[in-house]
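The values are calculated or read from the model by the stated rules, or taken from the named source; none is laboratory data. All figures in this text were calculated on a predicted structure; none of them were measured in a lab. Positions of Cβ are backbone-derived with ideal geometry, glycine not excepted, and every protein chain shown enters the neighbour counts.
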Amino acid sequence: MDFFRRFGVTLLVLGLACIPLFYHNEYIVHSVLGKVCIYVIIVAGLDLVVGYSGDVSAGHAGLFAVGAYASAIMMWKLHAPFPVCVIVATILGALFGVILGVPALRLKGPYLAVSTIAFGIIIQTFMNETVWLTKGSSGIREIPRLNYFGISFDGNYFLYIIFPFTVLALLMKHGIVTSYWGRSFEALKESPIAAACSGVSRFRFKLSAFVTSAALTGFAGAFFPHVDKYIGPPTFSFELSVSFLIMLIFGGTRSILGNVLGTLFIIILPDLFNFINDWRLAIYGGLLLFTLYFLPRGVVGLLHTIGDRFIPKPLPGSAAILAAENLKAGIEAVKLRPEALQTPIGDSLLELKELTIKFGGLTAVNKLDMVVKRGQIHALIGPNGSGKSTTVNLITGIYVPTSGEVLLRGNRITGAPDRISGLGIARTFQNVALFGDMTVVDNVMVGLHHSFKGGFLDIVLRTKRAKREESDARVRALALVDFVGIGHLAEERAKNLPYGKQRLLEIARALGSDPSLLLLDEPAAGLTSGEIGEMEAIIRKVRDAGVTVFLIEHHMDLVMAISDEITVLDFGQKIAQGTPAQIQADDRVINAYLGTSGTGHHIPAHDAAAGSPEPKP
Amino acid sequence: MNFSAELVQLLFSGVALGMVYALIAFGYNITFSTSRTLNFSQGDFLMLGAFVSLSILGRKMPAWHWWVLAVLAAAVVGAFLAVILQYVAIKPALRTGSDVSWILATISLGIVARNVAERVWGTDDYPITSPFGRDPWELFGGKLNINPPEVMIIVAAALVMVAFELFRRKSLLGKAVTAVAADKDAASLMGINVPVVIAFSFMVSCSIAAMGGVFVAPLTFVSSTMGALLGVKAYAVSVIGGLNSGLGVIAGGLILGLSEQLTARYLSTGYKDTPGFVLLIVILLVKPDGLFGKAAIKKV
């Protein structure tokens with residue numbers, strides 16, 4: 001299957017490469033197809049930002065202009081050889097990507113869109129005003145001819161200059177999006193917090209997507225002066241930025257075929273119908289709106305839908321599922337880092353010292369002291385709003401404490417969630433936070449983020465190292481999926497899983513980061529009693545594998561059955577700590593949380609759960 | 001004219017320009033607070049408002065009451081456009097649950113509006129006269145000249161913003177807007193019809209933009225492309241002032257308006273737009289929540 005696909009694509013690429021030999025219409029081959037080749041690179045780059053990362057750039061025309069002008073000016077003023085121009089244009093594109101991306105990508109929301117639009121206008125101003133450099137509104141016509149090996153590449157043969165690079169750019173994009181980079185982009189788009197707690201640096205990967213995209217756009221720009229042997233400011237307008245977006249959305253995001261089809265269609269459209277020129281913008285705008293709502297996956301999505309109807313598809317990833325079932329995925333699926341074994345069982349692993357956080361006037365957690373010992377299941381209980389989830393958010397770096405400290409093996413830990421994850425603390429979420437559009441196994445592979453050491457070049461060139469890391473991670477991920485008992489669902493999209501399985505998947509993903517300490521925030525909330533039993537077994541299995549478990553839970557029978565130690569919070573303060581038996585007998589706990597049976601007498605230990613304020617399913 | 005008088009006039013023009021930006025940005029902040037979305041085609045709605053006033057006023061000096069009528073008509077057209085915006089762009093986009101959709105949908109509505117205006121009114125620039133006339137008022141015995149439309153802009157923009165702030169604080173619907181901005185779910189549980197409040201906030205926001213078009217028309221020309229740049233500068237003002245701050249936009253608007261006038265006079269007209277956008281990027285780098293915005297606490 002894979003072989004045939006590759007063979008077909010190669011044949012198609014070679015076939016397209018023969019066009020200039022048989023078809024000689026200069027306008028179509030040189031101008032239109034040349035432009036298509038250049039724009040496809042840009043649209044594929046834009047896909048990294050819009051399709052994978054979920055941000056909007058409406059300033060790619062500005063980046064394109066940077067590349068085109070850099071290349072043209074170097075050829076004209078410095079008589080630089082064309083390949084040098086291409087390299088400089090790419091570097092400049094990347095540089096502007098950093099300048100724009102660093103400020104805008106720290107925030108969620110429309111900030112990137114706003115600042116890229118502004119960037120496009122600044123570039124317009126510079127093109128028009130710096131006459132000594134850009135010749136202002138008259139544009140640059142002094143583009144030298146392209147002659148190599150005695151052949152002129154100015155006519156239809158220009159396609160032989162750009163086409164190979166278009167193919168290379170698309171291969172590069174394919175390499176990026178099928179690697180852990182692509183998964184990180186998507187994970188950050190779907191749930192930034194969960195991605196960060198899996199060790200993915202939001203800033204690094206959002207920026208990588210944008211800078212790669214900007215570099216590709218600068219690269220494509222370098223070729224543009226040779227299309228018309230002229231460049232001028234009007235080409236690089238805001239409308240061009242919007243056109244790139246329309247090409248991308250109309251063709252279909254997250255698909256190379258979509259990038260190509262969308263670009264081809266939008267470029268050819270005005271040539272097909274004359275009347276379109278007057279209403280060009282309105283038609284583009286209408287087309288974009290139509291696509292957004294009626295073809296959310298673009299033309300390619302439509303093709304897939306039609307294709308699926310006529311061509312029976314093999315069961316999703318059946319090979320992978322078989323592999324999962326053949327794995328003897330017992331406790332070995334859970335791995336411990338070498339440093340995790342340094343602490344003897346029963347010694348302090350995590351310590352909170354006078355941990356405090358204030359939100360305005362409210363002290364959510366107040367001078368909390370606590371020790372979690374290695375190898376134990378330690379529960380944190382307390383009424384709603386007593387600061388349990390806030391404590392977990394403080395430990396995982398989502399909140400910064402007002403005062404006090406968190407110590408792991410005696411060392412103070414601070415920093416963003418992705419750093420804390422790297423230290424061996426993993427977590428699940430009270431409100432399930434999965435990467436819904438990704439498959440179960442890909443979710444866990446995001447958890448295995450730390451196991452990927454290959455850099456950008458490894459991914460793009462698909463080195464042995466990158467391939468090995470990828471296949472090792474997949475095997476590990478399948479083993480973990482199997483460990484929590486959902487191996488048969490490995491290739492299903494996470495959002496299609498029933499709620500109980502989603503909670504299990506969160507645990508598998510958390511275990512992917514090889515944690516010494518696993519924080520479970522209400523893992524049994526919303527589960528049926530049967531599922532709670534399953535959850536209990538899994539939590540024990542995780543502990544038996546050597547991972548220390550810190551558990552927030554309202555189901556008292558579960559808490560009392562599996563905990564080695566319990567800490568009780570009320571209004572952000574610790575009111576008790578001890579074994580389950582001690583906690584059940586504690587007056588303050590009974591008053592604050594467990595409740596009395598009405599007579600004022602202490603309830604017997606085995607009935608304590610009956611006093612739980614949370615109704616049980 | 002001496003240097004200081006010229007500077008005062010320059011600053012005054014900057015303030016007037018800044019108030020226009022502040023006014024549009026004020027509209028962005030209203031919808032961003034209630035719906036976490038804003039209209040990326042606000043500048044084009046402003047342009048349509050200006051064309052409404054052109055249709056009503058013609059090019060002769062209009063009488064007072066005709067001008068007031070033009071402002072009201074623009075407000076109504078703005079509210080009507082908001083309904084279209086809601087049904088065509090915002091509501092369907094929010095259903096998809098991604099920021100990408102609403103940003104793209106509102107951008108595409110803007111380019112449609114621009115194209116339609118171009119087909120209806122052509123690509124000409126139409127001058128329009130303010131009801132105060134075009135001769136400058138001479139103050140201090142001719143030492144200082146003040147341009148009447150600039151006075152009108154400052155007064156009108158301030159009136160609109162104050163009126164909405166009063167409405168937000170005093171009226172029940174205004175308080176509902178504040179409640180939805182603070183917490184949608186809680187507001188909904190208190191019996192506030194959240195979709196209606198959001199729709200209302202868009203109507204206010206778009207009306208403000210369309211009225212802004214009438215205010216600014218005597219200073220600029222009326223053309224199909226007049227709004228694009230104004231709209232973008234107003235985003236910059238929103239972000240500089242803080243997208244979740246109420247009146248930070250005024251400070252942001254004044255900073256941008258003044259920097260623009262000063263750059264145009266003392267550096268070069270061509271570069272007048274640059275300092276504001278550079279400032280935008282610097283602010284995002286140094287104080288990402290804006291000069292007056294508060295960092296939001298995210299819940300997990």
For this session: Within the range A:383-403, identify whether any single residue is surrounded by 15 or more Cβ atoms within 10 Å (Cβ to Cβ) and part of a strand (DSSP E or B), and answer yes or no.
Result: no
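So that you can scan it fast, the table gives a plain yes or no per residue for (1) touching a strand residue (DSSP E or B) at 6+ places or on another chain (Cβ under 7 Å); (2) within 14 Å of chain B (Cβ to nearest Cβ); (3) of a type in the set (A, V, I, L, M); (4) within 23 Å of residue A:161 (Cα to Cα):
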site: A:11; (1), (2), (3), (4): no, no, yes, yes
site: A:15; (1), (2), (3), (4): no, no, no, yes
site: A:22; (1), (2), (3), (4): no, no, no, yes
site: A:28; (1), (2), (3), (4): no, no, yes, yes
site: A:47; (1), (2), (3), (4): no, yes, no, no
Problem set entry | Scope the range A:426-442; condition surrounded by fewer than 22 Cβ atoms within 10 Å (Cβ to Cβ), more than 12 Å from chain B (Cβ to nearest Cβ) and assigned to a loop (DSSP other than H, G, I, E, B); matching residues | A:438
Exercise. Would it be correct to say that residue A:340 is buried (at least 16 other Cβ atoms within 10 Å of the Cβ), of a type in the set (Gly, Ala, Ser) and either farther than 15 Å from residue A:411 by Cβ or touching a His at 6+ places or on another chain (Cβ under 7 Å) (or both)?
Worked result: no
Exercise. Can residue B:184 be described as within 14 Å of another protein chain (Cβ to nearest Cβ) and at pLDDT below 95?
Worked result: no
Exercise. So is residue A:99 without any contact (Cβ under 8 Å) to a residue 60 or more places away in the chain, among the hydrophobic types (A, V, I, L, M, F, W, C) and within 27 Å of residue B:286 (Cβ to Cβ) or not?
Worked result: yes
Exercise. Which ones in the range A:557-574 are touching a residue at least 60 places away in the same chain (Cβ under 8 Å) and of a type in the set (A, V, I, L, M)?
Worked result: A:559, A:562, A:566, A:568, A:569
Exercise. Of the residues B:247, B:254, B:243, B:230, which single one is within 14 Å of chain A (Cβ to nearest Cβ) and under 30 Å from residue B:64 (Cβ atoms)?
Worked result: B:230
Exercise. So which residues in the range A:1-56 are of a type in the set (D, E, K, R) and surrounded by fewer than 14 Cβ atoms within 10 Å (Cβ to Cβ), if there are any at all?
Worked result: A:2, A:5, A:6, A:26
Exercise. Does residue A:127 meet the test of being within 11 Å of chain B (Cβ to nearest Cβ), in contact (Cβ under 8 Å) with a residue 24 or more places away in the chain and of a type outside the set (Val, Ile, Thr)?
Worked result: yes
For this session: State whether one or more residues within the range A:232-251 are in contact with a Lys or Arg (Cβ under 9 Å, 6 or more places away or on another chain), surrounded by fewer than 22 Cβ atoms within 10 Å (Cβ to Cβ), away from chain B (no Cβ under 14 Å) and in contact (Cβ under 8 Å) with a residue 12 or more places away in the chain.
Result: yes
Exercise. Looking at the range B:98-123, which of the residues that are more than 22 Å from the chain's Cα centre (by Cα) and hydrophobic (A, V, I, L, M, F, W, C) is farthest from the other protein chains (Cβ to nearest Cβ)?
Worked result: B:121
Seminar exercise, completed: Expected single match for away from chain B (no Cβ under 14 Å), exposed (fewer than 15 other Cβ atoms within 10 Å of the Cβ) and of a type outside the set (Val, Ile, Thr) among A:453, A:495 is A:453
Problem set entry | Residues located in the range A:389-425, provided they are among the hydroxyl-bearing types (Ser, Thr, Tyr) and closer than 15 Å to residue A:550 by Cβ | A:389, A:390, A:391, A:396, A:421
Exercise. Does the range A:233-247 contain any residue that is within 20 Å of residue B:103 (Cα to Cα), touching a helix residue (DSSP H, G or I) at 6+ places or on another chain (Cβ under 8 Å), outside any helix (DSSP H, G or I) and of a type outside the set (A, V, I, L, M)?
Worked result: yes
Exercise. Is it fair to say residue A:542 is within 37 Å of the chain's Cα centre (by Cα), at pLDDT 90 or above, within 20 Å of residue A:432 (Cβ to Cβ) and surrounded by 19 or more Cβ atoms within 10 Å (Cβ to Cβ)?
Worked result: yes
Exercise. Looking at residue A:91, is it more than 18 Å from residue A:146 (Cα to Cα), surrounded by fewer than 23 Cβ atoms within 10 Å (Cβ to Cβ), at pLDDT 95 or above and more than 14 Å from every other protein chain (Cβ to nearest Cβ)?
Worked result: yes
Exercise. Inside the range A:465-504, can you point out the residues that are in contact with a Ser or Thr (Cβ under 9 Å, 6 or more places away or on another chain) and part of a loop (DSSP other than H, G, I, E, B)?
Worked result: A:490, A:491, A:492
For this session: Could you tell me which of the residues A:111, A:148 is under 27 Å from residue A:37 (Cα atoms), of a type in the set (Ser, Thr, Tyr) and at pLDDT below 90?
Result: A:148
Exercise. Restricting attention to the range B:1-55, and to residues there that are among the β-branched types (Val, Ile, Thr) and within 14 Å of chain A (Cβ to nearest Cβ), which single residue is nearest to residue A:114 (Cα to Cα)?
Worked result: B:37
Exercise. Within the range A:195-213, is there a residue that is away from every other protein chain (no Cβ under 14 Å), within 22 Å of residue A:86 (Cβ to Cβ) and out of contact with any Leu (no Cβ under 8 Å at 6 or more places or on another chain)?
Worked result: yes
For this session: Being crowded, with 18+ Cβ neighbours inside 10 Å and β-branched (Val, Ile, Thr) is the filter; apply it to the range B:172-193 and report the residue that is nearest to residue B:94 (Cα to Cα).
Result: B:180
Exercise. Hey, any hits in the range A:443-453 for a residue that's out of contact with any Gly (no Cβ under 8 Å at 6 or more places or on another chain) and part of a loop (DSSP other than H, G, I, E, B)?
Worked result: yes
Exercise. When the residues of the range B:257-275 are filtered to those that are buried (at least 19 other Cβ atoms within 10 Å of the Cβ) and within 8 Å of chain A (Cβ to nearest Cβ), which remaining residue is nearest to residue B:23 (Cα to Cα)?
Worked result: B:273
